[in-house]
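Accompanying notes for the structure given below.
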Amino acid sequence: MRRFLALLLRHPLSLFGVGLTTVSALLFLALSLLDALGYLTNPYLGLVVFVTLPILFIVGLVLIPVGDMLRRRKPTAEGAEARWPRLDLNDPTQRRIAGVLLVATLGNAVILSMGTVGGIHYMESPQFCGQVCHEVMEPQFASHQGSPHARVTCAACHVGSGAAPFIETKLRGTRQLYGVVTNRFPRPIRAPAAERRPARDTCENCHWPEKFHGDKLLEAREYAEDETNTETVTLVRLHVGGGSERLGVATGIHWHMNLHNAIEYLPADGEQGTIPYVKLTDRDGNVNEYFAEGVARDSGTGRDLRRMDCMDCHNRAAHAFAATPEQAVNHAMALGRISKDLPFIRREAAAALKEAYTSRDEAASEIAARLTGFYHRSDPDLAASDAVARAIRVTQDLWAANIFPRMNVNWGTYGSQIGHTDAAGCFRCHDDSHKTDDGAVIRQDCETCHAFE
């Protein structure tokens, strides 16, 4: 056994491989234990543990036989070529060697399996997606952390289950990694409609598309820029409805998701902001084609059309941003995060958010100085109150959650297509100008979707 190990490690490359494999294996096991116990919280340590160390482990394993092959190709002192040993398990020495190799192989397989599973799990985590590539994905990571889908991993929507989507996504990620390394990536990051995964593979894993919702009451609160921050409450009854092939129901906004209907469209700008062509195929196979004004009648021929699904309206389901400073402050006041009893707080907070700042630190400093100075001039005691301090913190958080100067993300950069307040939304198609050849239009009938209480 000692002679076998001596021969195996005689070449320096094999010796280096043994050392590299051993050190990386011990480090991997130790750090994996610390990660399981919750001591490793830095996302970059995960990159070392589950990506770098397994690669070094494999490289070390490969170097061992490579070094031995180089040793065998080297002539011996007598000038004869080194011969390969004969395998004979009747020999007790060879049986011991085979047993050692078998145990070592099983140990290596366990370590590689742990590294593979841990690596896949790590690369599907929001920390890997949002914090390792910090600058590029910072807006998406920040918005995800505060969204209703914060506990849903990035991979659940952007990768999907199975080996094929995983490999496809990682290959595309390799190209994106090259863009990050060379600093050649778009600012802001866009998500073309053609690259979005179908809702049946993402949303519908949790949300039942045939569920009938009926009407939903929406309460919208807005505040004026006067001293008392006068509140206006608007009640809107949304006809959400639903569509079910089994129940034969198709009403309201979710009529678009009726499984009997196939609505396809051509996004002109690569995203969903402009839709020049819509194709509707009903349950009987009848086809209606709707063209926006000035659009050629062959615009949809031979083109890749997108089938309408949840994401065409709920496009900011996990990455929502406020469209305007006023909207952000209104929402914070409606939730009670900012006291509406503070004089002129709606006006002053929105004005502070409208200013151009180059960094988060500058924004935090200037917002604090502006609001503190405003209240100090009118009421020094109020300026030192907890209500003002809380309003300053919340306003700073609103800026940090919506503005990312390095990525050119500002108010309204990422618009929501729900409704038609932040972006074109419903009016992308429902504008009374999308017409068939016989004059039928996609109507702009407000009462179809909602009614004011």
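Values quoted throughout were computed directly from the atomic coordinates according to the rules given, and no laboratory measurement underlies them. Since this is a predicted model, take the numbers as computed values, not measurements. No Cβ is skipped: glycine too gets one built from the backbone with ideal geometry, and neighbour counts run over all protein chains shown.
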On a C-alpha basis, how far is the centre of the stretch 97-152 from the centre of the stretch 178-240 in Å? Whole number, if you could? 29 Å
Summing Lys, Arg as +1 and Asp, Glu as -1, what charge do residues with Cβ under 15 Å from the Cβ of MET123 carry, MET123 excluded? -1
Return the sequence-ordered ³J(HN,Hα) values of the stretch 320-329 in whole Hz as given by the Karplus equation 6.51 cos²θ - 1.76 cosθ + 1.60 applied to θ = phi - 60°, using x for Gly and Pro. 8, 10, 6, 6, 9, x, 4, 5, 5, 5
Loop-resident sites, the stretch 281-357, for trypsin sites (Lys or Arg not before Pro), counting at most 14 other Cβ within 10 Å (DSSP): ARG283, ARG297, ARG303
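Over the residues of the stretch 325-407, compute the C-alpha Rg and express it relative to 2.2 N^0.38 Å.
Details: Rg = 12.0 Å, N = 83, 2.2 N^0.38 = 11.8 Å.
The stretch 325-407 yields a ratio of 1.02.
How do LYS279, LYS170 rank when sorted from fewest to most other Cβ atoms within 10 Å of their own Cβ? The partial results should precede the final answer.
Working: LYS279 17, LYS170 13.
Final ranking by Cβ density, sparse to dense: LYS170, LYS279.
The stretch 287-346: D in µm²/s via Stokes-Einstein (Kirkwood Rh, Cα pairs, 10 °C, 1.306 mPa s)?
Values: Rh = 16.1 Å.
It diffuses with D of about 99 µm²/s by this estimate.
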At a 10 angstrom cut-off on C-beta neighbours, averaged per residue, how do the peptides 173-184, 425-436, 361-372 rank from highest to lowest? 425-436, 361-372, 173-184
Tally Lys/Arg at +1 and Asp/Glu at -1 over every other residue whose Cβ is under 9 Å from the Cβ of GLN417; what's the total? 0
Could you go through the stretch 16-24 in sequence order and give the Karplus-derived ³J(HN,Hα) for each residue, using 6.51 cos²θ - 1.76 cosθ + 1.60 with θ = phi - 60°, rounded to whole Hz, and x for Gly and Pro? 5, x, 4, x, 5, 5, 5, 5, 5
Pull up all non-local amide H partners of VAL409: gap of 5 or more, or a different chain, and H-to-H distance under 5 Å with H placed in the peptide plane. PHE404
Nothing charged except the Cβ atoms of Lys and Arg (+1) and of Asp and Glu (-1): what's the magnitude of the dipole of the chain about its Cα centre? Round to the nearest 20 debye. 3060 debye
Alpha-carbon centroid distance for the pair the stretch 392-441 / the stretch 292-369, whole angstrom: 7 Å
The alpha-carbon pair-distance distribution computed for the chain, with 20 angstrom bins and whole-percent values, is 18, 39, 27, 13, 3, 0
